[in-house]
Structures are given as C-alpha cells and as structure tokens.
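The values are calculated or read from the model by the stated rules, or taken from the named source; none is laboratory data. On a predicted model such as this, the values are computed, not experimentally measured, just so you know. Neighbour counts run over all protein chains shown; Cβ positions are idealised from the backbone, glycine included.
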Amino acid sequence: MSKKFLYYSLVIGLLGLEMLTVGCNKSSKYQAKQKEKSPLRTKELQKPISPMTESQIYIEIKAEGKILHYQRETFLNEEDFSEILKSKEKFQSEKTDVFKKILKRYNRQIVNPDMEFDEARKSIIFICDITGAKEGNWFDFDWFLRPLDLDFLDNHFERREKELFWEGKVDSKMTRISIKFPFYISNCHEHVWPKYK
C-alpha cells in the first residue's frame, strides 16, 4: 500500500471517530472571548496517559445547565501531524462537517466549534458546545456512545460521585473518557440524571 493511501485512511478513520461537530461561524473576537470563558480550556486535560504515544485520544465532556462542553485531544505521530498541518483549514472543516452530520442524526447541535493544533505535543484539540442532549431531567449520550460502539454499563464506565470515567481501546487507539456533572449522578446504558438521596 502507498503512503498516500495509508495517510488518507488515517484521516478518514479520524474523521469518523474524532469529531462530532460543526456550527456557527463567529468572529475571531467572539471566539477569543469564548476561549477565555470555557472551563475546558484549563490545562487539566493536559495529563497524558503514560507513556505518551501516538494514537491516544482524551475526551472530556462537562455538563453545565442544558449544554455539554466537549473537548477531544488526539495525539499523532510526527509524520501524520506534519501532513495535517499543511492543510489545517481543510482538515478542520472536514472534521467539523463529519461531527455535525453525526450529531444531526441524533437531533443534537454543535455551537462554537474550534480546533487547535499543538505542535509541541503533536496533538489536535477539538472543542465545541453541544445542545439538544438534555431531555427532561437527564442527559442522553446516544450521539456520543453509539458511534464509538460504547455503552456506560456494558463497557463498565466507572461511576464516581459526579463523573463517569472510562479508559480502553477504541479502534485500536488508547482512549480516555471523562464525563463530569455539577451533581451526584445515576445512569443507565446511555442516560445520566441527578441522583436523589
């Protein structure tokens, strides 16, 4: 197989797995304000799975009101990262479109998508807000779990007081998932709701 074929296969694979977004085109001034405000832009997600290698993915989702703040960081090898840097805008647009289509299937929407390229860490960080996932008293995570072929119960997500946590392989990539809430939680296969004492 040619290197070009392998590269495009990697990009297509990342497209399907890595994103779930698209949305509004805001002015750069507005996006800068959002970056300052976003609780996900703290460096708490910057703790790599040890040892740090390519093909690692960290996903963190934080619930706030009716909104889910979503962040996904994907680590690549030097060669693949360099190729992506050559066409950053195209890569960002394609990934965002793929994520947007996935969300649309589940009647969810993306707001303020953004992508950062961390050259020191050879990682791509995708950030957005997701609306439409809060239904009544619970959050529905079908849009997130089904494309990854995961399930909160069947895949043994660890339920902490206010967090669901999982670490394992998705499509042979080491993946860490943290979903945090501002309340104590209960959950089923793909829903999370406040735990009543």
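Restricting the search to segment 158-186, which residues are hydrophobic (A, V, I, L, M, F, W, C) and either free of Cβ contacts under 8 Å to residues at least 24 places away in the same chain or touching a Ser or Thr at 6+ places or on another chain (Cβ under 6 Å) (or both)? If you could, list the steps in order and put the result at the bottom.
So in segment 158-186, the residues hydrophobic (A, V, I, L, M, F, W, C) come out as 164-166, 170, 174, 177, 179, 181, 183, 185.
Within segment 158-186, Phe165, Trp166, Phe183 qualify.
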Within segment 154-197, the residues that are among the hydrophobic types (A, V, I, L, M, F, W, C), under 20 Å from the mean Cα position of the chain (by Cα) and surrounded by fewer than 15 Cβ atoms within 10 Å (Cβ to Cβ) are Phe165
Within segment 118-143, restricting to residues that are surrounded by fewer than 18 Cβ atoms within 10 Å (Cβ to Cβ), on the phi < 0 side of the Ramachandran plot and part of a loop (DSSP other than H, G, I, E, B), the one that is nearest to the chain's Cα centre (by Cα) is Arg121
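So, restricting to helices (runs of 4 or more DSSP H) that lie completely within segment 1-117, which ones have at least 2 residues that are at pLDDT below 50 and small (Gly, Ala, Ser)? Step through it out loud before you land on a result.
Working: elements: 3-18, 28-37, 78-85, 88-105.
Per the criteria, 3-18, 28-37.
Conditions tested, residue by residue: (1) within 25 Å of Phe99 (Cβ to Cβ); (2) out of contact with any His (no Cβ under 7 Å at 6 or more places or on another chain); (3) assigned to a loop (DSSP other than H, G, I, E, B); (4) at pLDDT 95 or above.
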site	(1), (2), (3), (4)
Asp151	yes, no, yes, yes
Phe165	yes, yes, no, yes
Lys169	yes, yes, no, no
Pro182	yes, yes, yes, yes
Ser186	no, yes, no, yes
Lys197	no, yes, yes, no
